[in-house]
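Novice: First the structure, then my questions, so here it is.
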Amino acid sequence: LSSVQPGQTIYLRRGKYVFGGSFIIRAAGTEGNYITIKGYPGESVIIAETKLEFANPAKYLNFENLIIANVPDLHWGYAMKVHSGTSYINFRNLEIRNITCKIPEGSTETTTGCNPLVIYGDTVEGINNVNVENCYIHDCDTGWSEGLTLNGHVSNCLIKNCTIANITNIGIDLAGNYEWTGTVGDPENQTHDCIVENCLLVNCQS
């Protein structure tokens, strides 16, 4: 990632990859010359027990053909997160499974949650043009969180041909206007101008 250039592709070959902790992607392609990170065609590539983050200045990226699995004991955490200031990222043909939350031992809190995939923009920078297509998010214990979440200042995004199944709360959530995403009442402090189409939600027990 430190040496990849716009227009190049990084292939991951078959197998299970455990980076541990958080793996942060900040690579940036250019318009018309996306950087692509993908599983090698026809091979099963699993990234496990690792939180993936896409952070500024990440843009003009394709992230494809991968399985994100087995991220346990998250407390208001996430398996994949897109941070403010990012744009023009395509998530395609991903499977995200077995993401679970847990209240930490000794905590006095009574609720918890975690996001398999959250796209989170604040009102300072925001997020735009992030697309999620042909993805399968399933069998996750999300607590009070959701399967696929767009929250805060997020605009011009597309969720298409996705299946969200066996989630312990909401399947797809387009939200905002919270204190932790910006100023309550600010019209930019909410997901807007986004499209959700041709998605299947099964057994999302909100």
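Read-outs: derived from the displayed coordinates by stated rules, not from any lab. All values derive from a computational prediction rather than experimental measurement. Ideal geometry is used to build each Cβ from the backbone, glycine not excepted, and the neighbour counts take in all protein chains shown.
Novice: Among DSSP bridges having both ends in region 154-206, what percentage is antiparallel? Round to the nearest 5. Kindly include the intermediate steps, with their values, before the conclusion.
Specialist: Working: 1 of 9 bridges.
That works out to approximately 10 percent antiparallel.
Novice: Convert each backbone phi in region 184-194 into a coupling constant with the Karplus relation 6.51 cos²θ - 1.76 cosθ + 1.60 (shift: θ = phi - 60°), then list the ³J(HN,Hα) values in order as whole Hz, x for Gly and Pro.
Specialist: These are the phi-based 3J(HN,Hα) values: 4, x, 5, x, 7, 8, 6, 5, 8, 6, 10 Hz.
Novice: Given H placed 1.01 Å from N in the peptide plane, which residues other than close sequence neighbours of Asn169 have an amide H under 5 Å from its amide H?
Specialist: Those lying under 5 Å, H to H, from Asn169 are Thr142, Gln205.
Novice: Could I ask something else about it? If the elastic network links every pair of Cα atoms under 10 Å, which of Thr183, Thr149, Thr110 fluctuates the most in the Gaussian network model of the chain?
Specialist: In the Gaussian network model the winner is Thr110.
Novice: While we're looking at this one, here's another question. Check Gly176: other-chain or 5+ apart residues with amide H under 5 Å from its amide H, H built from backbone geometry?
Specialist: Residues meeting the amide H criterion: Gly152, Thr191.
Novice: While we're looking at this one, here's another question. Which ³J(HN,Hα) values in Hz, rounded to whole numbers, follow from the phi angles of region 124-136 under the Karplus curve 6.51 cos²θ - 1.76 cosθ + 1.60, where θ = phi - 60° and Gly and Pro get x?
Specialist: Once rounded to whole Hz, the list reads 7, 10, x, 9, 8, 6, 10, 10, 10, 10, 6, 9, 10.
Novice: What residues qualify as long-range amide H neighbours of Leu52, i.e. H under 5 Å apart, gap of 5 or more or another chain, H built at 1.01 Å from N?
Specialist: Phe23, Met80, Lys81
Novice: Among DSSP bridges having both ends in region 64-206, what percentage is antiparallel? Round to the nearest 5.
Specialist: Numbers: 2 of 49 bridges.
Of those bridges, close to 5 percent are antiparallel.
Novice: Now for a different question. List the GluC sites (Glu not before Pro) within region 10-104 that fall in a DSSP loop (any state other than H, G, I, E or B) and whose Cβ has at most 12 other Cβ atoms within 10 Å. Write down the numbers at each step before the final one.
Specialist: Working: sites: Glu31, Glu43, Glu49, Glu53, Glu64, Glu95; in loops: Glu31, Glu43, Glu49.
Here the GluC sites (Glu not before Pro) that fit, given the DSSP loop and packing criteria, are Glu31, Glu43.
Novice: For region 93-101, take each phi angle, set θ = phi - 60°, evaluate the Karplus expression 6.51 cos²θ - 1.76 cosθ + 1.60, and give the result in whole Hz per residue in order, putting x for glycine and proline.
Specialist: Running phi through 6.51 cos²θ - 1.76 cosθ + 1.60 with θ = phi - 60° gives 6, 9, 10, 10, 8, 6, 9, 9, 10 Hz.
Novice: What's the long-distance tail for region 64-206, i.e. % of Cα pairs beyond 19 Å? Don't skip to the answer; put the middle values down first.
Specialist: On the way: 4987 of 10153 pairs.
For region 64-206, the share of Cα pairs beyond 19 Å comes to 49 percent.
Novice: In 5 Å bins starting at zero, report the fraction of Cα pairs in region 86-169 per bin as a rounded %.
Specialist: In order of increasing distance, the bins hold 3, 14, 22, 19, 19, 13, 6, 3, 0 percent.
Novice: Quick one: compute the contact order of region 1-45, relative version, from alpha carbon pairs under 8 angstrom and 6+ residues apart, as a percent. Before the final figure, lay out the partial values.
Specialist: Working: 61 pairs, mean separation 25.1, N = 45.
The normalised contact order for region 1-45 reaches 56 percent.
Novice: Viscosity 0.890 mPa s, temperature 25 °C: give me the Stokes-Einstein translational D for region 60-126 in µm²/s, with Rh taken as the Kirkwood radius over C-alpha pairs. Intermediate values should be presented prior to the final figure.
Specialist: Details: Rh = 13.5 Å.
Estimated diffusion coefficient is 181 µm²/s.
Novice: Tell me the Kirkwood radius of region 1-147: reciprocal of the mean inverse pair distance over distinct alpha-carbon atoms, in Å. Present the calculation step by step, with values, prior to reporting the outcome.
Specialist: Working: mean 1/r = 0.0635 Å⁻¹.
So the Kirkwood estimate lands at 15.7 Å.
Novice: Considering only DSSP beta bridges whose two residues both sit in region 1-91, what percent are antiparallel, to the nearest 5? Before the final figure, lay out the partial values.
Specialist: Numbers: 1 of 27 bridges.
Of those bridges, close to 5 percent are antiparallel.
Novice: Something else: For Asn93, what charge total do you get from the other residues with a beta carbon under 11 Å from its beta carbon, if Lys and Arg give +1 and Asp and Glu give -1? Don't skip to the answer; put the middle values down first.
Specialist: Values: positive: Lys38, Arg92; negative: Glu64, Glu95, Glu133.
With Lys, Arg at +1 and Asp, Glu at -1, the net is -1.
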